[in-house]
Amino acid sequence: MSFIDILQAVLSSLISLFSFLSSHKVENLLMLTCDGSYESKVVGISVGRKEKIQRMDRLDGPANIMIVSDLDFTMVDHDDPENLALLRFNALWEAYYRHNSLLVFSTGRSPTIYRELRKQKPLLTPDITIMSVGTEITYGESMEPDDGWKQYLDRKWNREIVVEETAKFPELVLQSETEQRPHKVSFYLEKEKASKVIEALSKCLEKLELDVKIIYSNGIAVDILPQAAGKGRALEFLLEKLKTDGLKPLNTLVCGDSGNDAELFGVPEVYGVLVSNALEELVQWYAENARGNPQIIHATDRCAAGIMQAIGNFSLGPNVSPRDISDLMFKRKILSPGHVVVMFYLFYERWRRGEVENSEPNIQNLRSILHPTGNFVHPSGVDRPMHQSIDTIVQLFGDKRGIDYRIWVDRMSFAEVSLSSWLVKFDKWELSGNELQGCSTKVLMNSKVDAPDELTWVHLHQTWLNGSGGKDDMPWFI
Ligand SMILES: [Mg+2]
């Protein structure tokens with residue numbers, strides 16, 4: 001058996017161990033139960049039985065920070081076709097926060113059009129997704145719904161009556177079928193007619209003793225929800241749930257741009273940021289309700305850049321994206337294996353875009369990161385020595401010049417599998433023009449013998465992600 005074979009066997013067993021530990025942990029956590037007292041205490045109902053709660057708990061303790069962000073024109077800038085601010089945020093999150101923090105998307109979008117957005121934009125995978133204006137809470141990549149939240153919203157809610165009554169207002173134009181949800185009825189309404197129609201509708205529903213909430217957003221959308229729903233109430237529910245389990249985040253930052261985000265800023269103890277491009281309806285709410293509140297700012301930067309500005313403003317942690325650092329490979333203190341991966345792939349992106357110097361020191365740096373006797377299992381299954389990959393990368397300098405070529409990583413996780421040895425797992429995405437490919441990646445990293453503060457990539461194993469566009473005959477180098 002050759003040296004490489006032995007190393008491969010070791011890697012394979014470490015990967016199995018890692019997979020086992022991950023799945024074991026998830027299974028345990030998915031089976032966690034609570035006795036329903038939380039429901040009685042927080043939302044005033046008793047479920048009267050043990051309720052299985054499904055949670056996203058990658059973390060051993062409370063999140064360092066929980067970012068709760070709206071999507072359209074907050075996390076995602078639809079006026080930025082290159083998605084630069086979003087990619088900057090992604091690099092910041094995966095390098096510094098993913099391993100100890102929670103990312104929550106809170107959107108007015110239904111699951112259908114939320115998934116569409118994820119296909120169109122380089123969005124990270126959130127830990128928790130709150131959709132349909134706070135009427136649906138789901139956990140993890142698989143988006144497991146929170147049934148307790150559904151049951152709670154069922155009280156004092158009669159969808160049929162809402163539909164019947166709203167039909168009496170011809171100004172209300174029903175949104176598409178995908179946007180009509182169990183706890184949300186949605187319409188379009190012209191801005192000029194909005195206040196009059198909403199006032200009349202509100203009186204009409206009040207007379208019928210329906211406990212509903214009417215939210216007007218983006219100068220066009222009307223959502224009618226149970227009074228207990230909404231982005232703010234959903235976040236309060238989530239925070240209470242985490243608190244009950246001793247997992248209340250150390251800090252929570254809420255981020256928004258439009259009317260349906262206003263509730264987020266009213267949640268006790270949270271920090272808040274209105275991105276610079278916030279709509280008049282939210283800016284007006286801010287002027288009337290929160291201007292004197294030092295925990296809420298109106299950023300001067302747009303969208304995801306405004307979120308990073310707020311992280312710095314409230315001193316919640318690092319807020320300089322690795323994408324804003326020019327000398328990625330030199331004199332950088334290594335903070336975690338995740339940080340190493342983000343920095344490497346940014347360097348690789350810049351190398352292929354021809355944006356760094358094609359110099360001997362840069363090439364030497366590449367050679368020092370990837371272990372020459374290690375190996376790389378290509379997503380096609382082909383196994384080759386790492387030094388061949390390095391030689392190929394060196395030759396690729398500038399081959400993506402002038403092309404919209406970007407790389408980002410998602411779902412970063414790592415574990416120390418033995419002294420000075422780490423197993424790192426993440427999804428790597430590569431956009432080249434209109435082609436997007438993704439692969440699940442596992443890397444075994446070791447501390448360097450001569451420089452224990454530095455990590456070297458000993459083995460790299462990739463497999464195409466389902467539906468990610470990856471094909472074995474396409475160029476894909478690492
Ligand atoms: Mg928005």
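Worth pointing out:
- Answer residue from the range 322-351, given it is surrounded by fewer than 21 Cβ atoms within 10 Å (Cβ to Cβ) and among the acidic types (D, E) and is modelled with the highest pLDDT among those: D324
- Any pair with Cβ under 7 angstrom, 6 or more apart, that starts in the range 63-75 at a residue that is of a type in the set (A, V, I, L, M) and ends at one that is within 9 Å of the ligand (Cβ to nearest atom): L71/T107
- Some residue of the range 53-64 being touching an Asp or Glu at 6+ places or on another chain (Cβ under 8 Å) and outside any loop (DSSP other than H, G, I, E, B): no
- Test: residue in the range 78-92 that is under 24 Å from P249 (Cβ atoms), outside any helix (DSSP H, G or I) and either modelled with pLDDT under 50 or in contact with a helix residue (DSSP H, G or I) (Cβ under 6 Å, 6 or more places away or on another chain) (or both): no
- Hits in the range 260-279 (condition: free of Cβ contacts under 8 Å to residues at least 60 places away in the same chain and either more than 22 Å from the chain's Cα centre (by Cα) or on the phi > 0 side of the Ramachandran plot (or both)): G266, P268, E269
- Selection from the range 223-234 of residues that are within 15 Å of the ligand (Cβ to nearest atom) and over 23 Å from G292 (Cα atoms): D223, G230
- The condition of being small (G, A, S) and buried (at least 19 other Cβ atoms within 10 Å of the Cβ) holds for only one of G381, G306, that being G306.
- All positions within the range 419-446 that are at positive phi and either assigned to a strand (DSSP E or B) or in contact with an Asp or Glu (Cβ under 8 Å, 6 or more places away or on another chain) (or both): G433
- Scanning the range 134-146 for residues that are in a strand (DSSP E or B) and either farther than 22 Å from Y216 by Cα or of a type in the set (V, I, T) (or both) returns I137, T138, Y139, E144, P145.
- Residue selected from the range 116-133 under the condition part of a helix (DSSP H, G or I) and within 16 Å of the ligand (Cβ to nearest atom), by the criterion farthest from D410 (Cα to Cα): E116
- Top-ranked residue of the range 384-409 - restricted to ones that are among the charged types (D, E, K, R) and in contact (Cβ under 8 Å) with a residue 40 or more places away in the chain, ranked as surrounded by the most Cβ atoms within 10 Å (Cβ to Cβ): R406
- Considering residues of the range 265-282 that are part of a loop (DSSP other than H, G, I, E, B) and not small (G, A, S) only, the residue surrounded by the most Cβ atoms within 10 Å (Cβ to Cβ): V275
- Tally, over the range 222-259, of residues that are more than 21 Å from the chain's Cα centre (by Cα) and buried (at least 21 other Cβ atoms within 10 Å of the Cβ): 8
- The set of residues in the range 96-115 being part of a helix (DSSP H, G or I), touching a strand residue (DSSP E or B) at 6+ places or on another chain (Cβ under 8 Å) and either surrounded by 24 or more Cβ atoms within 10 Å (Cβ to Cβ) or hydroxyl-bearing (S, T, Y) (or both) consists of Y97, Y114.
- Pick from the range 158-170, criterion surrounded by fewer than 16 Cβ atoms within 10 Å (Cβ to Cβ) and of a type in the set (D, E, K, R), ranking: nearest to D211 (Cα to Cα): E160
- Identification of helices (runs of 4 or more DSSP H) wholly contained in the range 147-254 with 3 or more residues that are under 30 Å from L59 (Cβ atoms) yields 147-154, 231-244.
- Number of positions in the range 240-260 that are within 14 Å of the ligand (Cβ to nearest atom), modelled with pLDDT under 95 and not polar (S, T, N, Q): 1
The values are calculated or read from the model by the stated rules, or taken from the named source; none is laboratory data. Here the structure is a predicted model, which means the values were calculated and not measured. No Cβ is skipped: glycine too gets one built from the backbone with ideal geometry, and neighbour counts run over all protein chains shown.
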